Amino acid sequence: MATRGVRDGPWTDLDAELVGRATRDAARLARESARHSPGTVVLGRPLAELEALMAELGEPRYRAAQLRTAVLSGARALEEVATLPRALRARLREAGVRTGRSRVHGRRQAADGTIKLLLQLADGRVVESVGIPSRDGRRLTACVSSQVGCPMRCTFCATGKGGFARNLLPHEIVDQVLAVGEAVHASPDGPRRVSHVVFMGMGEPLLNLPSVVEALRLLREELGLGGRALTLSTVGVPGALRQLAARRLQATLAVSLHAPTQELRERIVPSARAYPLDALMHDCDRYFAYDWVKGCRVVWL
Ligand code: SF4
């Protein structure tokens, strides 16, 4: 479904159709990942599902916790899970189990310690993630992608010019956070742990809400990040703020306006034609009026 060589210009019915496809693809992914056999991908699987998998293999329950801990601690392949017997690793492999970790395809580091990673997913596609250490060394922010490509076509954005390929699964988002932490860990002076996550990489996160919301849950529950350390950035997707409200998002929302007027905004963010500034601001007002949202921060960009 990838579209290549997208051109600048006004928002059209074809663009709206591509955005609709991205949203439908996200819903399909959520349905299909719920149907996957338990434990196929270890990263992000509930412990109870991994225990069920071990029981099917006639193994004690504690093997599930060992496997999960090893993957969260950096094991990229089953061969690296030294706490499991070799024979069990082989049986897991035969059963189609994989860690869910990506391969580091490329890595560049700037003088200020910022690290850019290209991560190759299981289907060979590549996404970009960035690790940004603070100057005082106390914070490490991971900037993660939520889609391979993006159908929104913002004129200043290289990702938007490449078109949309597919949505990411929850474990493919969490994997980026682990990869950033590991990459910075490998450098001598940087902070050792990701302290903040911003969804400002490739993709519009509100087009892939099921995976993004599940990834946020995993980041809170599996990696111990607080809601105030998590930020979703959006240029605005019609109807998405209502869905966020229904899911009681526990994260900062960053609304990327990019321009003070509808006319200028449409030139920079063509999708604004289908979701005018007035409508976006009206939806934001309604969203921010919820009591539980008042405890979360809102950022305008
Ligand atoms: S929504 Fe984000 S990723 Fe997509 S084109 Fe706009 S700036 Fe780029």
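The values are calculated or read from the model by the stated rules, or taken from the named source; none is laboratory data. Since this is a predicted model, take the numbers as computed values, not measurements. All Cβ positions, even for glycine, are placed from backbone atoms using ideal geometry, and neighbour counts span all protein chains on display.
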* **Qualifying positions in region 80-118 - under 25 Å from Val197 (Cβ atoms) and among the hydrophobic types (A, V, I, L, M, F, W, C)** => Val104, Ala110, Ala111, Ile115, Leu117, Leu118
* Asked: Quick one: which helices (runs of 4 or more DSSP H) sit completely within region 40-113 and have at least 1 residues that are within 22 Å of the chain's Cα centre (by Cα), surrounded by 13 or more Cβ atoms within 10 Å (Cβ to Cβ) and among the small types (Gly, Ala, Ser)?
  -> 62-72
* Please work out if Gly224 is modelled with pLDDT under 95 and either buried (at least 17 other Cβ atoms within 10 Å of the Cβ) or not polar (S, T, N, Q) (or both). => yes
* When region 119-137 is examined, which residues are found to be within 17 Å of Val198 (Cα to Cα) and either within 16 Å of the ligand (Cβ to nearest atom) or part of a loop (DSSP other than H, G, I, E, B) (or both)? -> Val127, Glu128, Ser129, Val130, Ser134
* Asked: Does Gln147 satisfy the condition of being free of Cβ contacts under 8 Å to residues at least 60 places away in the same chain and closer than 27 Å to Val97 by Cα?
  -> no
* **Residue list for region 138-153, restricted to those being of a type in the set (Val, Ile, Thr) and within 16 Å of the ligand (Cβ to nearest atom)** => Val144, Val148
* **Selection within region 13-43 - modelled with pLDDT of 75 or more and in contact with an Asp or Glu (Cβ under 7 Å, 6 or more places away or on another chain)** => Leu43
* Structure fact -> Wholly inside region 195-301, strands (runs of 3 or more DSSP E) that include 3 or more residues that are within 26 Å of Gln176 (Cα to Cα), hydroxyl-bearing (Ser, Thr, Tyr) and within 16 Å of the ligand (Cβ to nearest atom) are 230-234
* Structure fact -> Per the list (1) outside any loop (DSSP other than H, G, I, E, B); (2) under 21 Å from the mean Cα position of the chain (by Cα); (3) in contact (Cβ under 8 Å) with a residue 24 or more places away in the chain, residue check on Lys116 breaks on (3)
* **Those residues of region 164-190 which are within 13 Å of the ligand (Cβ to nearest atom) and in contact with a helix residue (DSSP H, G or I) (Cβ under 8 Å, 6 or more places away or on another chain), in sequence order** => Phe164, Asn167, Leu168
